[in-house]
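The values are calculated or read from the model by the stated rules, or taken from the named source; none is laboratory data. Fair warning: this is a prediction, and the values are worked out from it, not measured in the lab. Every residue, glycine among them, receives a Cβ derived from its backbone with ideal geometry; neighbour counts consider all protein chains shown. We work out accessible area using only protein heavy atoms, side chains counted, and drop any ligands, DNA or RNA first. Shrake-Rupley method; radii C 1.70, N 1.55, O 1.52, S 1.80 Å.
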Amino acid sequence: MKDILRTTALAGAVLLAQAAIVSAQDWRGWNIHPEGYPNSVALDQFAEEVTENTEGRINATVYHGGVLGDQPDAIEQTRNGALDFANFNMGPMGPIVPATNVLSLPFLFTDLDNMHEVMDGEIGQRFADALAENGLIALSWFDSGARSFYNTDRPIETPDDLAGMKLRVMNNDLYVQMVDKMGGNATPMAYGEVYQSLKTGVIDGAENNYPSFDSSNHFEVAKFYSATEHLIIPECICISQASWEALSPEDQEIVREAAVRAAETQRQLWAEGSAESRKKVEEAGIQINEIADKSAFQAAMEPVYAGFIEENPDLESLIRDIQETN
């Protein structure tokens with residue numbers, strides 16, 4: 001009888017273990033950045049915390065370096081549940097979630113602190129609601145730095161200083177308009193072509209954040225960096241709606257808290273890395289000028305905003321609410 005009971009107990013334990021294995025969810029996460037990048041470190045932290053704090057009910061793994069596809073592919077995979085979570089930049093999100101195009105308007109935020117305040121509050125929740133309507137649950141917001149102009153010729157103190165300059169921009173009509181309205185000549189170009197184009201004079205300048213200005217070695221050929229901070233575009237940790245709705249309320253809270261902590265880590269690492277890159281390029285002889293008053297730049301953007309609002313009248317209140325926080 002004892003042997004029968006022991007065998008029955010062991011069989012029950014095996015069945016329970018098998019049930020636990022079956023019920024565990026294996027989550028796959030997408031990331032475009034390489035391992036060791038601030039976003040990658042933060043995403044690894046997120047995955048580890050989710051796995052540990054759900055006691056294995058979720059086994060989360062991050063796939064770095066875009067090995068699961070580029071961002072447009074990953075957005076669709078996350079929306080349809082083929083991927084469970086991802087770190088997305090809001091710049092390329094516009095074709096799917098039109099409200100996020102607002103975040104690509106030049107000089108929308110005054111600085112990074114202003115962006116954090118907006119995205120962590122009620123306005124950020126409005127963007128999260130728009131994403132949720134399209135199958136993506138945004139749980140926290142990452143930095144992607146503040147993009148500024150750099151060039152081979154002179155400091156940029158006012159919009160007039162861009163007059164006649166050929167400046168590389170990302171392939172987005174808003175960015176082309178931004179440069180054109182300040183008198184420059186916007187030149188969309190592949191990122192990999194920028195260094196040689198600066199060196200040979202095909203273009204006079206470009207725009208990016210300190211870490212990219214450093215890691216691309218553009219500082220070797222463009223000696224003037226002007227802190228216009230004209231584009232400050234947040235990123236998110238987004239969860240597939242299907243994966244989110246499959247969670248218990250308890251596990252949803254665990255995942256949300258892990259995402260918030262991951263954003264805190266990412267922002268800190270980004271700030272440290274940006275400061276290190278700034279120090280490096282300054283030591284290399286780059287002339288950096290701050291711009292305390294950006295009102296002239298913002299005024300130059302009025303036609304850009306007017307055109308955007310004419311095409312997207314439903315987004316005007318969202319834009320005005322953000323501007324009122326400045």
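Residues to consider are 306, 292, 275; find the one that is aliphatic (A, V, I, L, M), out of contact with any Phe, Trp or Tyr (no Cβ under 9 Å at 6 or more places or on another chain), closer than 25 Å to residue 90 by Cα and open to solvent by 50 Å² or more (accessible area, probe 1.4 Å).
306
Against the conditions (1) open to solvent by 60 Å² or more (accessible area, probe 1.4 Å); (2) assigned to a helix (DSSP H, G or I); (3) within 17 Å of residue 240 (Cβ to Cβ); (4) touching a residue at least 24 places away in the same chain (Cβ under 8 Å), where does residue 26 fall short? Just the number, please.
That leaves (2) as the condition not met.
For the range 166-191, which residues satisfy the criterion of being surrounded by fewer than 15 Cβ atoms within 10 Å (Cβ to Cβ) and over 20 Å from the mean Cα position of the chain (by Cα)?
Answer for the range 166-191, where residues must be surrounded by fewer than 15 Cβ atoms within 10 Å (Cβ to Cβ) and over 20 Å from the mean Cα position of the chain (by Cα): 183, 188.
Identify, please: which residue in the range 62-71 is part of a loop (DSSP other than H, G, I, E, B) and of a type in the set (A, V, I, L, M, F, W, C) and is, among those, least open to solvent (accessible area, probe 1.4 Å)? Walk me through how you get there before you give the answer.
So in the range 62-71, the residues part of a loop (DSSP other than H, G, I, E, B) come out as 64-70.
Those left that are additionally of a type in the set (A, V, I, L, M, F, W, C): 67-68.
Working: 67: 102, 68: 40 Å².
For the range 62-71, the residue satisfying everything is 68.
Just need a number here: residues in the range 100-128 that are small (Gly, Ala, Ser) and in a loop (DSSP other than H, G, I, E, B). Break it down stepwise before answering.
So in the range 100-128, the residues small (Gly, Ala, Ser) come out as 104, 121, 124, 128.
Next cut, in a loop (DSSP other than H, G, I, E, B) only: 121.
Number of matching residues: 1.
When only residues in the range 129-155 that are assigned to a helix (DSSP H, G or I) and in contact (Cβ under 8 Å) with a residue 40 or more places away in the chain count, which is farthest from residue 245 (Cα to Cα)?
131
Can you tell me which of 86, 74, 82 is modelled with pLDDT of 95 or more and assigned to a helix (DSSP H, G or I)?
Testing whether each residue is modelled with pLDDT of 95 or more and assigned to a helix (DSSP H, G or I) leaves just 74.
So which residues in the range 109-123 are within 26 Å of residue 256 (Cβ to Cβ) and open to solvent by less than 50 Å² (accessible area, probe 1.4 Å)?
109, 112, 114, 115, 116, 118, 119, 121, 123
Within the range 84-93, can one find any residue that is over 23 Å from residue 265 (Cα atoms) and open to solvent by 20 Å² or more (accessible area, probe 1.4 Å)?
For the range 84-93, residues over 23 Å from residue 265 (Cα atoms) and open to solvent by 20 Å² or more (accessible area, probe 1.4 Å): present.
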